[in-house]
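The values are calculated or read from the model by the stated rules, or taken from the named source; none is laboratory data. What you are looking at is a predicted structure, and each value in this text was computed from that prediction instead of being measured. Counting neighbours? That spans all protein chains shown, and the Cβs are built from the backbone with ideal geometry, glycine included. Just the protein is used for accessible areas: all its heavy atoms, side chains included, with ligands, DNA and RNA removed. Shrake-Rupley method; radii C 1.70, N 1.55, O 1.52, S 1.80 Å.
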Amino acid sequence: MSSGPARRHLLALRVGGMPDDMILELTNLGSADLASLSSFKRTETTYGIAKAILAVTFHPSHGRVMTLGVGPQRRIRALVAMGYSVHALADFTGLTVQKLSTLPSDQLVPTAVWHVINDVYEHLSMIPGPDEQGRDAAREQGWATPLAWDDDEIDNPRARPHSPRGILGVDDAAVYRRLCGDRKPSLTLAEQEVIVGIAVQRRWSGERLGDVLGIEPGSATRKVDRYRLRMSALDARSQNERESNVA
């Protein structure tokens, strides 16, 4: 089979700071297997090697105690771009400001740190924070907001945040085709949001939504949770504005 996908995955793991000895331990492969896969002269590899490499996720799995640091770094920066200061995030996570400010993009971090930051990210990612000055400064530096990241990409060192056009654009035809079972059209985040809203209204399972979006059921369930949280925040804001107008 083609070695391209597995080679690109291996490269991404290395770019993220995962050493070869850890990759070998997680895959039960040999050094010769990695050398063979790394060679651009070889266009084919075995199914077993490809499967083993692709099974090494960018997020924590296999009970490993260390994982790539790029995902936690992106999550903290995304929350700063949403209006949460690093000091506030230190309070939320229980980690020091120094720790959060120096998260690496090309080294490993403890899996426990990944989980703490991810939990806070899941809770705050769709709720605007109060630090407008910090938010503006973060966006000037090019730090992407949570909306620019897909759950399945944020831990991938080679992934890039979605562009504003990719975030905001909605093609009704693409949404309709996906709902009808056509998996060919790629979806912007805004189009995914439309489908998530439909899923909530129709009470779809995570498995069904994941199938329509082409993502894992767990990722689909998290999209639903964040959608509901965001809608609740918007409803609360609208209620406050109505009460202020009456007063």
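Screening residue 13 against (1) assigned to a helix (DSSP H, G or I); (2) touching a Phe, Trp or Tyr at 6+ places or on another chain (Cβ under 8 Å); (3) open to solvent by 30 Å² or more (accessible area, probe 1.4 Å) leaves a single unmet condition, (3). Looking at segment 116-133 only, could you name the residues that are in a helix (DSSP H, G or I), among the polar types (S, T, N, Q) and open to solvent by less than 70 Å² (accessible area, probe 1.4 Å)? Correct list: 118 only.
Condition first: in a loop (DSSP other than H, G, I, E, B) and under 17 Å from the mean Cα position of the chain (by Cα). Now tell me which residues in segment 100-115 satisfy that. Reasoning before the result, please.
So in segment 100-115, the residues in a loop (DSSP other than H, G, I, E, B) come out as 102-107.
Result: 103, 104, 105, 106.
Quick one: in segment 81-96, of everything that is in a helix (DSSP H, G or I) and over 17 Å from residue 115 (Cα atoms), which residue is least open to solvent (accessible area, probe 1.4 Å)? Steps first, answer last, please.
Within segment 81-96, the first condition is being in a helix (DSSP H, G or I), and the residues that meet it are 81, 86-93.
With the extra rule that they be over 17 Å from residue 115 (Cα atoms), the set shrinks to 81, 86-88.
On the way: 81: 0, 86: 38, 87: 126, 88: 30 Å².
Ranking the qualifying residues of segment 81-96, first place goes to 81.
Residue-level analysis places residue 77 among those that are out of contact with any strand residue (DSSP E or B) (no Cβ under 6 Å at 6 or more places or on another chain), touching a residue at least 40 places away in the same chain (Cβ under 8 Å) and open to solvent by 80 Å² or more (accessible area, probe 1.4 Å). For segment 182-217, taking the residues that are of a type in the set (S, T, N, Q) and open to solvent by 90 Å² or more (accessible area, probe 1.4 Å), the one that is nearest to residue 161 (Cα to Cα) is identified as 186.
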